[in-house]
Amino acid sequence: MKYLVFVLAFACCLPVLAQQTVTMDATPPVVVRTVPKAGDTAVDPGIQQISVTFSKNMRTKNNWSWVMLSKESFPNITGAISYKPDGRTCVAPVKLEPGKTYAIWLNTDKYMGFKDTGNHPAVPYLLVFSTKKK
């Protein structure tokens, strides 16, 4: 009986699955690179910017969401956030402290400013890293 229920449930979903064509244009952008790297525990506190690169060209006119996980773990943003000419890399100028762990959401369920040129919000990404002690 369990097998029959599974087959019926799967058969009901086939039309929906058949309609979903996966293409680069239809999928949301994802983070492909960060500087510093996620999980790095020896970041130079003297770096002056954090950058995030996405898998697709992004909307670059004030479209981003650098979101606090907590006030204590969010870096001091020292200037205007901007995109590099490649249209995929967003840069935040920062001042970091030695011996501190930073955590930054790049998009969340509530804040979805990072969007590709097709207006698809980027998949939320939590960037966490620590600076080395001086």
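The values are calculated or read from the model by the stated rules, or taken from the named source; none is laboratory data. Please read all numbers here as calculations on a predicted model, not as lab measurements. Every residue, glycine as well, gets a Cβ built from its backbone with ideal geometry; the counts of neighbours run over all protein chains shown.
The residues on offer are LEU126, LEU96, and the sole one that is within 14 Å of PRO36 (Cβ to Cβ) and surrounded by fewer than 17 Cβ atoms within 10 Å (Cβ to Cβ) is LEU126.
Among the residues of region 116-134, those identified as more than 10 Å from the chain's Cα centre (by Cα), over 27 Å from ALA42 (Cα atoms) and not small (Gly, Ala, Ser) are ASP116, THR117, ASN119, HIS120.
The number of residues in region 59-98 being more than 15 Å from VAL128 (Cβ to Cβ) and either touching a residue at least 60 places away in the same chain (Cβ under 8 Å) or of a type outside the set (A, V, I, L, M) (or both) comes to 24. Within region 113-123, the residues that satisfy the criterion of being hydrophobic (A, V, I, L, M, F, W, C) and buried (at least 17 other Cβ atoms within 10 Å of the Cβ) are PHE114, ALA122.
The set of residues in region 99-109 being of a type outside the set (Asp, Glu) and either more than 15 Å from GLY39 (Cβ to Cβ) or surrounded by 15 or more Cβ atoms within 10 Å (Cβ to Cβ) (or both) consists of GLY99, LYS100, TYR102, ALA103, ILE104, TRP105, LEU106, ASN107, THR108. Among the residues in region 69-83, are any at pLDDT 95 or above, farther than 25 Å from PRO28 by Cα and charged (D, E, K, R)? Looking for residues that are at pLDDT 95 or above, farther than 25 Å from PRO28 by Cα and charged (D, E, K, R), one finds at least one in region 69-83, hence yes.
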